[in-house]
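Encoded as structure tokens, the structure appears first; notes follow it.
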Amino acid sequence: MRPSAIVAVGAALAVVAMVLLPQTVAGGLLAAAAAIPGAAMLWAAHRRTAAGPRFRAALLGAGLLVTGVTGAVCAVVERVAPEARFDGVPLAAHLYLVNLILATLVTLPGLMRPQQARDPLGRLRVMLDIVGVSACLILPTWVLILSGGYLRGASAIASFLGAVATAMAAVAGVHATRHRAALRWAGPAVALALICLIALVISADNPSNPNSPPAALAAGLAMNVAGWAMWWGTVRVDPDSAPLPADGSEPAAGFPLFTLPVLGAAISVVARLLHGGHLDAPAIALAVIALLAVATREFVAAIVLRRHAAHLTYHGNRLRSLMFGSSDVAMVLDRDLTVRWQSPAAARHFGLSDSGVLNRPVTALVDASQAAALERFLTARLGDPVPPVVSVSPGSLVSPDSPASPGSPPSSGSPASPGSSASSGSSAPSGSSGSSAGSGGEPAAQIFSAVFHDGLGRLRDTEWTAGGTDPGIPGRSLVIHIRDVSDQRELEQALQQATHVDTLTGLANVHGLRHALQPAGEGTLIKMELRGLTAIAEVHGADCADAVLVEAVRRIRSRIAATDVPARIGDARLAVITRNGALLAHVLANQLVTELALPYEMDGVTAHLQVWAGLSDLPPGPNVDEVMRRAALGLRMARSRPPGAVEWYDEAMEEQLVRRSTLEQDLPTALDRSELELLFQPVFELNGRRPVGVEVILSWRHPAFGRLPAAELLALADDLGVLGDLRIWALNRMCRQATAWRRQLPELWFSFGVRPGELGEDGFHTALETVLETHRLPRAALVVEISEDDLHHGPESDRLLADHLRALRTSEIRTAVGHFGAGPTSLSRLRILPVDLLKVDRKVFSQDDGAPAAVGVIMEVAVTLGRRLGMDVVAHGLSSEADLETVLATGCRLGQGDQLARPLPAEHVEALIERFRDIPIPPSPTIARLVQRRPGD
């Protein structure tokens with residue numbers, strides 16, 4: 001049932017009991033009804049539904065339950081055996097006394113926790129209150145009852161014990177500093193319940209007194225009031241709803257706790273004297289104790305109040321000093337937004353005199369375009385509590401849920417240059433920022449930024465904050481604070497400038513470029529790299545390099561449109577955002593590259609720069625990082641080409657660069673992972689199909705890209721600087737294998753391709769000499785091969801290459817030119833190159849692209865010229881029977897290709913050699929020259 005229904009039923013039963021039963025019996029039954037709220041408190045503690053601590057609800061509920069059971073038992077005793085005695089004391093009085101003792105022991109611990117935080121004076125006042133209230137409660141009982149001939153042991157014990165317990169319960173509730181909201185209900189309710197028990201004990205102990213039955217009936221009724229007050233304070237009231245008081249303060253310092261006890265004591269003494277009685281020694285002692293407790297308590301309270309006044313004076317002085325020294329202006333407005341008071345800072349910092357501001361509308365102090373918005377803002381804040389403060393950009397209304405960033409980058413398409421501000425210092429009209437504060441269900445704005453007209457005729461950027469109402473005029477006033485943020489705005493602009501602009505060139509820096517890329521729209525990002533600035537700085541000084549860079553920037557500005565955004569994004573990198581389409585952007589990039597590559601005349605010094613450019617489209621809804629990454633990839637591809645190259649980003653380019661980057665990362669550890677290997681492709685004597693030589697091919701089985709061509713692998717290793725280590729590993733593997741195979745075919749020779757740059761390195765020759773000596777391999781068994789692709793570097797390079805090849809031949813190591821005929825190399829160049837072996841490419845003898853007769857003639861010329869120059873000719877790339885017939889018809893005796901044998905692992909070539917180990921080689925002058933070197937060649 002609901003508590004209200006239970007109370008209604010209990011009230012009806014109480015009325016019936018009072019009408020039909022004697023008053024003493026009705027009092028007991030009414031006291032028994034207190035078990036109902038006690039049971040409800042125990043149930044709430046069991047179900048964990050009590051708002052306060054479970055132990056408090058359980059203890060107070062147990063006390064009420066014991067009281068209810070005792071009241072029911074005493075009602076039965078009063079009805080059945082009213083004359084029953086126990087040690088000369090009425091049985092009902094004895095039971096009520098036991099109930100009083102048990103209730104005291106059970107309920108007081110529930111009120112004493114949690115421990116209350118009090119200073120020494122606060123604890124002294126609590127003790128004095130307990131003593132004084134106890135004395136004031138005992139005195140009326142002693143004067144009116146105990147000393148008047150009605151002395152009973154039970155009544156005396158109940159008076160003294162109950163008075164002290166009642167005082168402790170009342171003080172615990174009134175002076176609570178923790179759980180104040182709950183204890184202010186529970187403490188007085190327990191005190192009332194104990195007083196009711198004292199009244200029941202005295203009334204039962206004095207049945208002949210005509211006042212006892214009404215006292216019992218009143219005590220029973222009051223017991224129910226106390227019970228339900230306890231239930232409310234422990235089950236329904238949040239114990240921590242009231243804030244904690246400040247340290248050292250006493251919330252109940254001025255509570256009239258002594259009023260009723262002192263009044264009751266005084267009335268009892270006066271009544272005793274008026275009826276001819278006198279005051280005995282105990283009564284006088286109790287009165288003196290009460291008076292001393294009251295006087296001492298008031299003296300302590302005076303000390304506390306004086307300290308509190310000194311505390312308030314100190315903080316008032318501090319507040320006054322802060323108010324007079326503050327740079328923020330405080331104003332008090334009435335409901336018409338008229339200025340009624342202003343702080344001294346208004347005259348000191350803004351030049352506003354009281355006569356010029358007071359009794360005038362505050363909206364007259366701001367720009368006319370912002371007056372209406374300010375009025376809406378202040379009107380929305382009238383009567384509101386102090387709101388939280390949020391940041392806001394100039395000249396706008398901002399609510400707590402709306403984003404605001406005072407230092408956000410400028411929103412224009414181009415970043416600020418040194419001569420322009422990054423963000424406007426003047427605020428825009430607030431009316432343009434949207435709906436007024438607090439309208440349309442939106443949260444009201446907390447800060448208003450406006451242009452303020454000070455008393456000196458200047459305009460200042462200010463922020464207005466509403467601080468609630470004036471305590472002296474609650475509900476009819478508004479306190480506002482005005483802060484001058486002009487210096488802050490200027491600092492923000494300076495920081496914006498420093499953050500987004502390069503100091504040397506005045507162009508946007510990386511942050512400025514990223515901000516300029518934010519607005520969606522079509523266009524192109526051009527990234528350019530200038531090579532040569534470091535060399536200029538080393539030779540002519542850093543100032544000269546800076547002057548060249550500034551001149552380069554001037555040339556860029558002269559070429560781009562006014563809507564384009566130039567930027568410096570690195571020490572030697574520049575960028576341009578142009579809104580032109582792809583074709584015009586490509587033309588502009590070529591013009592910029594050409595212009596920047598022209599000579600620079602600086603103080604008699606002529607400097608040159610090499611320039612490359614990469615381009616990327618600006619997609620709709622651009623991802624800034626993605627746009628810059630694509631332009632960087634285009635620039636990287638351009639740098640792999642000669643200076644002046646301009647490259648667009650495309651997906652195929654990205655795949656190539658990703659492949660290249662992956663290979664660059666994986667190659668240094670490929671040997672450790674056993675991914676590198678040697679493949680062997682035999683060279684056959686065409687008539688007998690007998691192997692006479694082997695070309696050694698370095699191969700890399702990459703886990704992601706498969707087997708890489710040898711040319712790509714060698715070029716990659718050369719770029720990474722690991723070609724020397726790779727070559728040493730390959731030479732060792734090749735010579736060890738060659739030594740084993742030459743035991744079966746002593747005439748077998750081995751060729752391996754090198755890059756021309758290796759021939760001029762001492763490390764290559766040292767490694768070659770070391771492996772030959774280690775494996776005891778004849779020098780004539782090795783053939784060093786270069787590709788025709790490496791012969792297109794001019795006469796000077798040819799002479800240098802010829803010297804390197806001649807040095808190899810002098811050391812009895814053979815030389816060869818591979819892929820001959822695949823490029824534009826003329827046959828006459830072979831006369832100056834000391835070559836022993838000529839590998840003719842398939843393009844020379846293949847019938848795929850030409851008539852058979854013409855192909856045969858070209859091949860025959862190559863074979864004849866090779867023989868005249870003392871070279872053995874190998875037809876390289878045989879892939880069909882038609883190729884074999886063409887080559888044999890021209891007189892070429894050696895061949896190599898997939899038609900004869902693909903590049904094979906070592907074990908497969910070993911099986912091939914095993915088949916020919918006992919077959920003699922037919923006489924062949926070409927093979928003889930390869931096997932037996934003539935001294936002096």
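Worth pointing out:
- Across the range 899-937, the number of residues qualifying as within 26 Å of LEU865 (Cα to Cα) and either out of contact with any helix residue (DSSP H, G or I) (no Cβ under 8 Å at 6 or more places or on another chain) or at pLDDT 85 or above (or both) comes to 13.
- Residue in the range 853-872 that is outside any helix (DSSP H, G or I), at pLDDT 85 or above and buried (at least 18 other Cβ atoms within 10 Å of the Cβ) present: yes
- Residue in the range 605-614 that is of a type in the set (A, V, I, L, M, F, W, C), within 17 Å of ASP502 (Cα to Cα), at pLDDT below 90 and not in a loop (DSSP other than H, G, I, E, B) present: no
- Test: residue in the range 455-465 that is among the acidic types (Asp, Glu) and outside any strand (DSSP E or B): no
- Put simply, of GLY760, GLY753 the only residue that is buried (at least 19 other Cβ atoms within 10 Å of the Cβ), at pLDDT below 90 and of a type in the set (Gly, Ala, Ser) is GLY753.
- Test result for ASP484, in contact (Cβ under 8 Å) with a residue 60 or more places away in the chain and either under 30 Å from GLU626 (Cβ atoms) or small (Gly, Ala, Ser) (or both): no
- All positions within the range 561-587 that are charged (D, E, K, R) and part of a strand (DSSP E or B): ARG568, ARG573
- If only residues of the range 466-500 that are among the β-branched types (Val, Ile, Thr) and either assigned to a loop (DSSP other than H, G, I, E, B) or in contact with a Pro (Cβ under 6 Å, 6 or more places away or on another chain) (or both) are counted, the one that is farthest from GLN370 (Cα to Cα) is ILE473.
Residues checked against (1) among the polar types (S, T, N, Q); (2) closer than 30 Å to VAL587 by Cα; (3) free of Cβ contacts under 8 Å to residues at least 40 places away in the same chain:
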site: ARG629; (1), (2), (3): no, yes, yes
site: ALA632; (1), (2), (3): no, yes, no
site: GLU647; (1), (2), (3): no, yes, yes
site: LEU663; (1), (2), (3): no, no, no
site: ASP666; (1), (2), (3): no, no, yes
site: GLU677; (1), (2), (3): no, no, no
site: LEU686; (1), (2), (3): no, no, no
site: SER699; (1), (2), (3): yes, no, no
site: ALA704; (1), (2), (3): no, no, no
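- The residues on offer are ASP502, ASP484, and the sole one that is modelled with pLDDT of 75 or more and within 30 Å of GLY356 (Cβ to Cβ) is ASP484.
- For SER558, the conditions (1) modelled with pLDDT under 90; (2) part of a helix (DSSP H, G or I) all hold with the exception of (1).
- As a summary of the residue check, LEU151 satisfies the conditions (1) at pLDDT 80 or above; (2) out of contact with any helix residue (DSSP H, G or I) (no Cβ under 8 Å at 6 or more places or on another chain) except for the one numbered (1).
The values are calculated or read from the model by the stated rules, or taken from the named source; none is laboratory data. Remember, it's a predicted structure, so these values are computed and weren't measured experimentally. Every residue, glycine as well, gets a Cβ built from its backbone with ideal geometry; the counts of neighbours run over all protein chains shown.
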